[in-house]
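J.: Submitted below is the structure of interest, expressed as structure tokens.
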Amino acid sequence: MKRNLSTRLPRSKPATMRAFDRLPPRLRGWLHQAALPWSAASALALWQRALRETGCEAAALARLSATEARLIARDAAAVWGAGHPAVRPDAPPFPSRRRPAPALRATAGR
């Protein structure tokens, strides 16, 4: 059985709940209603940058919401096409130069 315990992977998982609990209360509240699965680290980085640039928590929350809406619009265009209601006119077209179209996969038995 000792052989099964041998691994190169780290033994401890990141303390994701502890990181979430350390976030500012208003940011935690925003994350509760967020449509995307934000990590505590990425949400905190965006929150701190927005606070630094605006100096206001309400404006920082609005910036987080705008960023999330932009990401949803981009992904909706990529997944469901330009006619999806979440796609905004200012969302970049898909595929872009930085992100090529995904290769089509053949499905067996369909």
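J.: In nm, to one decimal, how far is the modelled label at Ser42 from the one at Leu71, with both set 7 Å along Cα→Cβ?
T.: 0.4 nm
J.: Now for a separate question. In nm, to one decimal, how far is the modelled label at Cys56 from the one at Arg22, with both set 7 Å along Cα→Cβ?
T.: Once both label points are built, they end up 3.0 nm from each other.
All of the numbers you see were taken from the coordinates with simple rules; none came from a lab. Because the structure is a prediction, the values reported are computed rather than measured. Every residue, glycine as well, gets a Cβ built from its backbone with ideal geometry; the counts of neighbours run over all protein chains shown.
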